[in-house]
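The values are calculated or read from the model by the stated rules, or taken from the named source; none is laboratory data. Worth saying up front: this structure is predicted, and the values here are computed from it rather than measured. Heads up, the Cβs are rebuilt from the backbone with ideal geometry, glycines too, and the neighbour counts pull from every protein chain shown.
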Amino acid sequence: MIDFFEKLSEEIKNHDEIILMTHSTPDLDGLGSAIVLSEVIKQYGKECYIVAPKNLINKTLNKALNYLSENGMILPFKYEKIISDNNSLLIILDVHESKLLESEEVLSKIKDRCVIDHHLTINKKIESKYEFIDDNMSSTVEILCTYLKYKDVKVDSIYYTLLLAGLYQDTNYFTLKTTSDTFLVASYLIKMGADNKVEHDFLKESMESAIARYEYIKKCDKLNDNVYLCVIDDRTCSNITVAKIADEMLKFEEVNLAFAVGVKENGQIVLSGRSCDNIDVCSIMKKFGGGGHFGAAAASISDNTIDEVIDKLKNIVRGNEL
Ligand SMILES: [Mn+2]
């Protein structure tokens, strides 16, 4: 990792302009890390932009972005159309597959690339000069904080709050992929001035949305011993909604493997899975063309109906494939 950090710093110094990009429908882990990295890069005296997100439906992220604006922080967003290669370096965060990117157009424009990610590799990786992809890391925040510590760079305390919220969100309150190093990162962020109360305010949600989730959970199906599926069948929903339902279901003592499925506005089926007890839910999601982590994974499916997806999932879970 230290090798990569040295190369990353070197690459930043060797380029006139740095473009940062995360996955589409960004979250606080990806976009929060990009915002903080842009602050660091400005300290190196370089121009730095973040590819402007087209779809900001993550409420926690929105709250955090508003909080930054209210506190006078300027977000260096730049639209994909006006981005060009001016001896630019593209740093890709929290994703390493081209079809999941915020903008494939920007990817095609800039040839010098570095990739920083913590997801499992499922499909073809983006070609880059240097990459650091370690699926043992809890989050991109964890990788970035290791870099900040190593380089001994400091940013305004407000950014540490942003990173702490990203760490909470990506690990689902320190339940997913959390190691002793993850807690050390949390400790570092608090030490550097992260405000735990503000971070908790970012993560708060409306009573209405929490109750709506439980209405679906109330009707969930038991597929097998300790395996449950929740179906959102009366409205369209986002991948965030199904992810949150699957997260929530894993809290119950009856549940070792939880799935939630729904239909997105564009007609795609979104399926999310969460597991404990060493069940590889990612290998199940791969069967639907998806991916993610060992204990948390998802798939977006275009060529099946929701009923077909549910049937296929039931067959997988009830077969001897687990
Ligand atoms: Mn992440």
Some residue of the range 300-312 being in a strand (DSSP E or B) and on the phi < 0 side of the Ramachandran plot: yes
Contacts under 6 angstrom Cβ, first residue in the range 289-300 being surrounded by fewer than 19 Cβ atoms within 10 Å (Cβ to Cβ), partner part of a strand (DSSP E or B), 6 or more apart: GLY289/ALA299; SER300/VAL270
Selection status of LYS63, in a helix (DSSP H, G or I), away from the ligand (no atom under 16 Å from the Cβ), of a type outside the set (S, T, N, Q) and over 29 Å from SER206 (Cβ atoms): no
Test: residue in the range 43-59 that is crowded, with 18+ Cβ neighbours inside 10 Å, part of a helix (DSSP H, G or I) and either among the basic types (Lys, Arg) or at pLDDT 95 or above (or both): no
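Could you tell me whether any residue of the range 99-120 is closer than 23 Å to PHE4 by Cβ, polar (S, T, N, Q) and surrounded by 14 or more Cβ atoms within 10 Å (Cβ to Cβ)?
Residues of the range 99-120 that are closer than 23 Å to PHE4 by Cβ, as a first pass: 100-102, 106-107, 110-120.
This time we only want the ones that are polar (S, T, N, Q), so: none.
No, because not a single residue in the range 99-120 is closer than 23 Å to PHE4 by Cβ, polar (S, T, N, Q) and surrounded by 14 or more Cβ atoms within 10 Å (Cβ to Cβ).
Looking at LYS218, LYS149, which is the one that is within 30 Å of ILE301 (Cβ to Cβ), out of contact with any strand residue (DSSP E or B) (no Cβ under 7 Å at 6 or more places or on another chain), at pLDDT 95 or above and more than 16 Å from the ligand (Cβ to nearest atom)?
On the way: LYS149 fails: within 30 Å of ILE301 (Cβ to Cβ).
Going through LYS218, LYS149 in turn, just one is within 30 Å of ILE301 (Cβ to Cβ), out of contact with any strand residue (DSSP E or B) (no Cβ under 7 Å at 6 or more places or on another chain), at pLDDT 95 or above and more than 16 Å from the ligand (Cβ to nearest atom): LYS218.
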Pick from the range 120-133, criterion closer than 22 Å to THR171 by Cα and modelled with pLDDT under 95, ranking: nearest to the ligand (Cβ to nearest atom): LEU120
Selected residue [among the acidic types (Asp, Glu) and free of Cβ contacts under 8 Å to residues at least 12 places away in the same chain] from GLU39, GLU70: GLU70
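Does LYS125 satisfy being in contact (Cβ under 8 Å) with a residue 24 or more places away in the chain, surrounded by 13 or more Cβ atoms within 10 Å (Cβ to Cβ), among the charged types (D, E, K, R) and more than 23 Å from SER300 (Cα to Cα)?
Values: in contact (Cβ under 8 Å) with a residue 24 or more places away in the chain: yes; surrounded by 13 or more Cβ atoms within 10 Å (Cβ to Cβ): yes; among the charged types (D, E, K, R): yes; more than 23 Å from SER300 (Cα to Cα): no.
So LYS125 does not fit the description; no.
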Residue match in the range 31-40 (condition: within 16 Å of the ligand (Cβ to nearest atom), touching a strand residue (DSSP E or B) at 6+ places or on another chain (Cβ under 9 Å), at negative phi and acidic (Asp, Glu)): no
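Suppose the filter is hydrophobic (A, V, I, L, M, F, W, C), surrounded by 18 or more Cβ atoms within 10 Å (Cβ to Cβ) and either in the same structural domain as GLY291 (by TED's automatic domain parsing) or in contact with a Gly (Cβ under 7 Å, 6 or more places away or on another chain) (or both); does LEU93 pass it?
Values: hydrophobic (A, V, I, L, M, F, W, C): yes; surrounded by 18 or more Cβ atoms within 10 Å (Cβ to Cβ): yes; either in the same structural domain as GLY291 (by TED's automatic domain parsing) or in contact with a Gly (Cβ under 7 Å, 6 or more places away or on another chain) (or both): yes.
When the stated conditions are applied, LEU93 passes them.
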Selection within the range 15-38 - surrounded by fewer than 24 Cβ atoms within 10 Å (Cβ to Cβ), among the charged types (D, E, K, R) and under 20 Å from the mean Cα position of the chain (by Cα): ASP27
Residue satisfying all of: in the range 81-119; among the acidic types (Asp, Glu) and over 25 Å from GLY290 (Cβ atoms); nearest to the ligand (Cβ to nearest atom) among these: ASP112
Given (1) near the ligand (Cβ under 10 Å from one of its atoms); (2) touching a helix residue (DSSP H, G or I) at 6+ places or on another chain (Cβ under 6 Å), index of the condition ILE143 fails: (2)
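I'm trying to understand the selection: among the residues of the range 95-122, which are among the polar types (S, T, N, Q) and over 17 Å from the mean Cα position of the chain (by Cα)? Explain how you work it out, then say what you get.
Step one: list which residues in the range 95-122 are among the polar types (S, T, N, Q), which gives 98, 103, 108, 121.
Once the filter is applied, which keeps residues that are among the polar types (S, T, N, Q) and over 17 Å from the mean Cα position of the chain (by Cα), the range 95-122 yields only SER108.
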